[in-house]
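A short write-up of the structure that comes next.
Read the figures in this text as sums done on the coordinates, not as results from a lab. As the structure is a prediction and not an experimental result, all values here were calculated from the model. Cβ placement follows ideal geometry from the backbone for every residue including glycine, while neighbour counts extend to all protein chains displayed.
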Amino acid sequence: MPAVEIRPNIFWIGVNDRTTDLFEGYWPIIPEGVSYNAYIVRGEKTALIDLAKGFKTDEFLAQIANVADIRKLDYIVINHMEPDHTGILSVLRQLAPQAVILGTPRTVEMVASFYQITDNVRAVADGETLHLGPHVLQFVHTPFVHWPETMMTYETTQRVLFSCDGFGGYGALQGGIFDDQYADISFYEREALRYYVNIVATFSRAVLRALEKLSGIPVDVVAPSHGLIWRKEPGRIIELYRRWAGYASGDVERGIALLYGSMYGNTEKMMNAVAQGASKAGIPVEIYDVARTHVSYILPALWTYRGVIVGAPTYEGGLFPPMAHALDVAARKKVQNRKAAYFGSYGWGGGGEQEFRRLAEAMKWEVLETFTFRGGPTVEDLRRGEEFGERFARAVAGG
Ligand code: FEO
């Protein structure tokens, strides 16, 4: 895509990635894709803000050439070191050795350790300003949104916040780069939540600290390094991030993530009965087969809802492995302080429930109820399951 001027002499450049299957080597992004957005602020001095993955390098360099002479770039501003934003740095350094690389003190260390670049690299202080003429950049350190070295860059004359991972989301740009170019942005909001939970959620306290720090800064345009640029409603994505970060402290929505796994259909039969019961409480119930759904897509429901029902059989004396994996990732992402329940089938001895209880305790989940059944569920078992689902959902809806 050609460069786009987002404010006078402030340009978006960037590349869409629709072929990388796994973001960070783990999170599926096909078919949604992702964009790596970067920006050029051109004036008496010219700065390139954020870069891109080492991917479609020719396209990225052509975009820079579209609006600036790469051999005359004055600054390369690195808001965040993760290689989805810096993979192209070694190539750029060769083409633009004159450009001063700017970042936080931790960034300076990381530029050396990741790319062995030590010359012409300078640390910027929190709040420091850089006059480009007429544009002015101000650097705001925002550690752990997403790595410890992270900062955001604020252009003070046009009130543009280059926020890097913060306020970003999965989802390749479908032609338009701005929120006001889409009649329906639900795809981007959904993918921003999935991105938040997959990538940023562990650091939600840091996100809230950053939001507090940014609260006194007037922002007309939020320009993240993934996904849409928010110029119609910049406050929209900021408020969504504030809400999502708040979920970390248990301030979550009334609803249930119902996770299940089933080897031969017995636990699935029970899941349907449990779901039937849960549906009577009038709150959302989202159902996920953990063996067939990547945890990337399950985490948003776990993060958003106060209730979790886990249905999984005993497998070799423990929990069905895909369920154990899903709950392990939930623990790593700090999905804490939920109300939970467990049901599952066992063949000859238990074990699934005990492992679930261990995992739930580690996440400070309050286990309201459990029940297990041997082999296939009887009609009576299914009736019990339906009641179990309804009781739990009413507790989640009301408590
Ligand atoms: Fe988009 Fe933390 O990298």
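With the helix formula -39500 (n - 2.57) applied to DSSP H stretches of n ≥ 4, the chain reaches a computed 222 nm mean residue ellipticity of -10000 deg cm²/dmol. Taking chymotrypsin sites (Phe, Trp or Tyr not before Pro) in DSSP loop conformation with at most 12 other Cβ atoms inside 10 Å as exposed sites, the chain has its longest uninterrupted site-free stretch at 27-263. What are the aspartates and glutamates whose alpha-carbon lies under 15 Å from the alpha-carbon of LYS232, with same-chain residues fewer than 8 places away excluded? Candidates past the 8-residue exclusion: ASP179, ASP180, ASP184, GLU189, ASP220. Working from Cα pairs under 8 Å separated by at least six residues, relative contact order for the chain is 12 percent.
What size of dipole, in debye to the nearest 20, comes out for the stretch 253-398 about its Cα centre when the only charges are +1 on Lys and Arg C-beta atoms and -1 on Asp and Glu C-beta atoms? Don't skip to the end; give the middle numbers.
Numbers: 18 positive and 16 negative charges, 87 e Å.
Rounded to the nearest 20 debye, it is 420 debye.
Rounded to whole numbers, the Karplus 3J(HN,Hα) couplings from phi for the stretch 350-362 are x, x, x, 4, 4, 5, 4, 4, 4, 5, 5, 4, 4 Hz, using 6.51 cos²θ - 1.76 cosθ + 1.60 with θ = phi - 60°, and x at Gly and Pro.
Binning the C-alpha pair distances of the stretch 253-398 at 10 Å intervals from 0 yields a P(r) profile of 13, 48, 35, 4 %, listed from the shortest bin outward. Extension gain, ARG357-SER279: 0.36 nm per intervening residue step, less the Cα-Cα distance, totals 25.6 nm.
By the equivalent-ellipsoid construction on the alpha carbon gyration tensor, the stretch 1-135 comes out with semi-axes of 23, 19, 13 Å, ordered largest to smallest.
With θ taken as phi - 60° and the Karplus curve 6.51 cos²θ - 1.76 cosθ + 1.60 applied, the whole-hertz 3J(HN,Hα) list for the stretch 144-159 is 6, 10, 10, 9, x, 8, 5, 9, 10, 10, 10, 8, 7, 7, 10, 6 Hz, x standing for glycine and proline. Here the Gaussian network model covers the chain, with springs between Cα atoms less than 10 Å apart; of ARG358, ARG231, ARG18, ARG358 fluctuates the most. Using 0.36 nm per residue and subtracting the Cα-Cα separation, the extra length available between PHE114 and VAL91 on full extension is 6.9 nm. Scanning residues 5 or more positions from LEU258 or on other chains, those with amide H under 5 Å from its amide H are GLU286, ILE287, TYR288, ILE309, with H placed 1.01 Å from N in the peptide plane. Partner lysines whose Cα lies under 16 Å from the Cα of LYS334, excluding those fewer than 8 positions away in the same chain, are identified as LYS364. Here is the tail figure for the chain: Cα pairs spaced more than 37 Å apart come to 31 percent of all pairs. Amide H contacts under 5 Å for GLY14: ALA38, restricted to partners 5 or more places along the chain or on a different chain, H placed in the peptide plane at 1.01 Å from N. Springs join every pair of Cα atoms under 10 Å in this Gaussian network model of the chain, and among ALA62, ALA52, ALA257 the largest mean-square fluctuation is at ALA62. Listed values for the stretch 163-169 are Karplus-derived 3J(HN,Hα) couplings in whole Hz (6.51 cos²θ - 1.76 cosθ + 1.60, θ = phi - 60°), namely 9, 6, 5, x, 6, x, x, and x replaces Gly and Pro.
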